[in-house]
Amino acid sequence: MKHLKLFLAAALGVAALPAAAQEVDSEVHGRSATYVDPTDPQVLQKLDEWRDLKFGVIFHWGLYSVPGIVESWSICSEDVDWINRRWDLSYDEYKKWYWGLCNELNPTKFDPERWAADMKDAGMKYMVFTTKHHDGFCMYDSKYTDFSIANYAFKDNPKRDVARYVFDAFRQQDFMIGCYFSKPDWHCEWFWNPHFATANRMPNYKIKEHEEWWQKYKDFTKNQLNELTTNYGALDILWLDGGWVKGDDVDLDEVLVGARQRHPGLICVDRAIPGKNENYQTPERGIPNEQLSNPWESCITLSNDWGWVPNAPYKSPQKVINLLIETTAKGGSLLLGVGPSADGTIEEGLTSRLRVVGEWLRKNGAAIYGTRNAAHYHEGNFWFTANKDGETLYAIYALPEGETLPAELSWTGNVPAKGKVRLLSTGKSLKAVTRDNVTTVKLPKGVAQEALVFEIKTR
Ligand code: GLC
């Protein structure tokens, strides 16, 4: 794993995750080393609104969902431990088999309204959808390639322009809408040219020697970004993946001028490319060590994979709640990875877990949504958040998995002004005794064994 970390850090040109950062699964990459504040007031405004939401979902759905394997990466010929492929096939045969999955992806039970209702019930407020992953297979009806869900097994379905229906359904539930798009495209002949072998994730030819090929790739990518930001209704976030191709390589500035005329304030996330087009940072599969003041989001899978895989080891609701608490207290948002099945449904084992998260948020959401950084934000299992006015603080006890609550809880600082706090799950006031800056609260008998939130009035 260490090799992978170093390799990816080098390949992606980003800093590896700081050693002591919370490792959720296997670490992939940390946040960018620098953050540049946007200057467009509408972008700043939207970022501020986005920072209120805290909890979002990212769907990975594509060819890889048919066999239930790692998203796209198995066609990339890099010998790393997280890429598994079928050993009964040669690399070329394998790629052929993989591309052929377009004839099998036929999600006849695709019900985006159901997805949106389930994610809303989980307490999520924004959504990012893979319109095109690295394999180049479009989950929307692109004018610029035939390689899309609209042209194969699902072509006669009225919802073949899949992304449109996903975006519409989530818009109706008041989600902010994020468009995931991979800049690299391994199906595009101007990125992986058929005259050369494909040794790794990079373009497989010398750009300087074949400038016209690269220009065609750029035009293709710009055209696709323009169609997605023109024909698919209101967008809030353009989430660009594949940091080994920079936004600048595909004239992202130019795309954004038009896109922001159509979607004022559009947040652009040119992931892992520090600069003006990375409007928030996106550490992956881990949470930064410290509280940060710039906008950021951790994307973390609910299972171990981004897409659907059979018998996925989903994280427990408590684990998800604790990740959300820690992320929020450190000033970030949690983007949880969910993989819909190839038939278009979302597994009941997945939604049942998310329902528990939603129940917790219905009681305790005041400590999460719309909050901002508290100056003293962490002590042991306690995480603190603050209302925007700073006068109300929340002491959130993130109950570790497998532990039960003690009879009383204490924290240092963040002192309640009037000798009491309110337990959000019951709405009841509890006596709070503060001595030498340490506040102690006795828990009521029979309190639910879950993360607890104490509302603290500081005046
Ligand atoms: C990484 C991977 C990609 C995945 C993404 C999600 O950058 O390359 O497969 O879609 O993370 O965060």
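Among the residues of region 248-266, which ones are assigned to a helix (DSSP H, G or I) and open to solvent by 10 Å² or more (accessible area, probe 1.4 Å)? Spell out the reasoning first.
Filtering region 248-266 down to residues assigned to a helix (DSSP H, G or I) leaves 248-250, 252-262.
Result: D248, D249, D253, E254, V257, G258, R260, Q261, R262.
Of all residues in region 109-150 being without any contact (Cβ under 8 Å) to a residue 40 or more places away in the chain and either closer than 22 Å to L334 by Cβ or not in a strand (DSSP E or B) (or both), which is least open to solvent (accessible area, probe 1.4 Å)?
A150
Please tell me if S65 is open to solvent by 20 Å² or more (accessible area, probe 1.4 Å), polar (S, T, N, Q), on the phi < 0 side of the Ramachandran plot and more than 12 Å from the ligand (Cβ to nearest atom). Steps first, please.
Details: open to solvent by 20 Å² or more (accessible area, probe 1.4 Å): no; polar (S, T, N, Q): yes; on the phi < 0 side of the Ramachandran plot: yes; more than 12 Å from the ligand (Cβ to nearest atom): yes.
Against the criterion (open to solvent by 20 Å² or more (accessible area, probe 1.4 Å), polar (S, T, N, Q), on the phi < 0 side of the Ramachandran plot and more than 12 Å from the ligand (Cβ to nearest atom)), S65 does not qualify.
Quick one: in region 299-311, which of the residues that are more than 10 Å from the ligand (Cβ to nearest atom) and in contact (Cβ under 8 Å) with a residue 60 or more places away in the chain is nearest to the chain's Cα centre (by Cα)?
Within region 299-311, the first condition is being more than 10 Å from the ligand (Cβ to nearest atom), and the residues that meet it are 302-304, 308-311.
Among the residues that remain, those that are also in contact (Cβ under 8 Å) with a residue 60 or more places away in the chain are: 304, 308-310.
Details: N304: 14, W308: 15, V309: 18, P310: 21 Å.
Ranking the candidates gives N304 first.
If T426 satisfies every condition in (1) part of a strand (DSSP E or B); (2) open to solvent by 60 Å² or more (accessible area, probe 1.4 Å); (3) polar (S, T, N, Q) but one, which is the exception?
(1)
Here is a check on your reading of the model: is A448 small (G, A, S), part of a loop (DSSP other than H, G, I, E, B) and over 35 Å from the mean Cα position of the chain (by Cα)?
no
Looking at L252, L256, L238, which is the one that is touching a residue at least 24 places away in the same chain (Cβ under 8 Å), away from the ligand (no atom under 16 Å from the Cβ) and closer than 19 Å to Q281 by Cβ? So that I can check it myself, show each step before the final result.
Working: L256 fails: touching a residue at least 24 places away in the same chain (Cβ under 8 Å); L238 fails: away from the ligand (no atom under 16 Å from the Cβ).
Going through L252, L256, L238 in turn, the sole match is L252.
Against the conditions (1) within 15 Å of the ligand (Cβ to nearest atom); (2) closer than 26 Å to F191 by Cβ; (3) of a type in the set (S, T, N, Q), where does N223 fall short? Just the number, please.
N223 satisfies all of (1) within 15 Å of the ligand (Cβ to nearest atom); (2) closer than 26 Å to F191 by Cβ; (3) of a type in the set (S, T, N, Q) except (1).
When only residues in region 164-202 that are open to solvent by 20 Å² or more (accessible area, probe 1.4 Å) and within 16 Å of the ligand (Cβ to nearest atom) count, which is farthest from Y126 (Cα to Cα)?
N200
Report the residue count in region 51-106 for those that are out of contact with any Pro (no Cβ under 8 Å at 6 or more places or on another chain), of a type in the set (S, T, N, Q) and not in a loop (DSSP other than H, G, I, E, B).
First pass over region 51-106, keeping only residues out of contact with any Pro (no Cβ under 8 Å at 6 or more places or on another chain): 52-58, 60, 62-64, 66-67, 69-100, 102-106.
Applying the additional criterion that residues be of a type in the set (S, T, N, Q) yields 72, 74, 77, 84, 90, 103, 106.
Keeping just the survivors that are not in a loop (DSSP other than H, G, I, E, B) gives 74, 103.
Total satisfying the criteria: 2.
The values are calculated or read from the model by the stated rules, or taken from the named source; none is laboratory data. It should be emphasised that the depicted structure is a prediction, and the values quoted were computed from it without experimental measurement. Positions of Cβ are generated from backbone atoms using ideal geometry, with glycine treated the same way; all protein chains shown enter the neighbour counts. Ligands, DNA and RNA are excluded from the accessible area calculation, which covers all protein heavy atoms including side chains. Shrake-Rupley method; radii C 1.70, N 1.55, O 1.52, S 1.80 Å.
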